[in-house]
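Beneath this line is the structure, given in structure tokens, with notes to follow.
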Amino acid sequence: MTALPSVSDLPHVGSELLSEILDPARTALVLVDVQVDFVSPDGVIGQAGVDLRPAHTAMAQMARLREALKQKSGTICFLKVVTRDETDTDALKNLYAWRGKPGQHAICRADEAGSDYYQLVPEDGDLDIAKVLFDGFHGTELDAELKARGIDTVLMAGVTTDCCVDQTARSAFHHNFNVVVVSDACAAYEEILHVGALMALEKNCALLADTQTVLDTLEG
């Protein structure tokens with residue numbers, strides 16, 4: 001059985017190539033689901049005893065990226081999932097019921113603290129997009145808002161790498177955006193899922209870069 005590689009073993013682009021791709025005026029940093037239920041000790045995931053340290057490590061890198069891109073007048077976009085009884089799809093409810101976990105899909109409920117942003121919050125001028133499932137483009141104004149700002153490249157960061165980051169990155173590619181996933185600014189609750197998702201994205205629709213390379217490129 002082949003051993004799981006580490007993130008550092010995966011192909012990452014360097015500043016030379018990244019400098020050809022990242023024009024701050026045409027780049028958006030997309031921060032996915034940095035919300036109480038996903039990353040706070042007081043949220044649903046934290047209360048279940050899941051180790052949130054990888055998410056918090058990634059959040060520190062997200063903060064660095066955000067500050068650097070803001071200084072270059074780049075676009076910052078926050079995505080959050082906000083769920084309601086009336087928007088829960090039959091497919092979602094069926095999936096959890098078939099797994100013997102009915103009701104466990106009810107997370108980040110509207111008007112509850114679990115759907116709030118945690119530590120990283122939108123500021124004036126940032127995009128703030130609510131979604132009902134995993135893909136940030138599905139049923140939202142994200143595509144139109146980015147294209148109205150002349151964005152052609154997205155830097156993907158957030159949680160979780162294997163779910164909403166993955167599906168939004170794939171959708172961004174399908175919407176004709178260049179996709180760079182910042183590997184150390186994303187996190188999953190299991191390392192195998194984090195690495196596996198990065199491997200699949202790099203193979204199919206995205207470049208990988210680490211935070212420091214992105215920062216060096218923006219400064220360069």
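The values are calculated or read from the model by the stated rules, or taken from the named source; none is laboratory data. Source: prediction; values computed, not measured. Glycine gets a Cβ as well: all are built from the backbone with ideal geometry, and neighbour counts include every protein chain shown. Surface accessibility is based on the protein's heavy atoms, side chains included, excluding ligands, DNA and RNA. Shrake-Rupley method; radii C 1.70, N 1.55, O 1.52, S 1.80 Å.
Restricting attention to helices (runs of 4 or more DSSP H) lying wholly within segment 1-55, give those where 1 or more residues are within 19 Å of Glu191 (Cα to Cα) and open to solvent by less than 60 Å² (accessible area, probe 1.4 Å).
Values: elements: 15-21, 36-39, 44-47.
The helices (runs of 4 or more DSSP H) meeting that bar are 36-39, 44-47.
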Check: Which condition does Gly136 not pass, out of (1) touching a helix residue (DSSP H, G or I) at 6+ places or on another chain (Cβ under 9 Å); (2) open to solvent by 40 Å² or more (accessible area, probe 1.4 Å), if it passes all the others?
Finding: (2)
Checklist line | Residue match in segment 79-98 (condition: assigned to a helix (DSSP H, G or I), touching a Gly at 6+ places or on another chain (Cβ under 9 Å), open to solvent by 70 Å² or more (accessible area, probe 1.4 Å) and modelled with pLDDT under 90) | finding: yes
Note to self: For segment 194-216, which positions are without any contact (Cβ under 8 Å) to a residue 12 or more places away in the chain and either under 15 Å from Leu155 (Cβ atoms) or crowded, with 17+ Cβ neighbours inside 10 Å (or both)?
What the structure shows: Gln212
Check: Which number in (1) within 20 Å of Asp128 (Cβ to Cβ); (2) modelled with pLDDT of 90 or more marks the one condition that Ala48 misses?
Finding: (1)
Margin query: Within segment 140-155, does at least one residue satisfy the condition of being closer than 21 Å to Ser8 by Cβ and either at pLDDT 95 or above or of a type in the set (D, E, K, R) (or both)?
Written below: yes
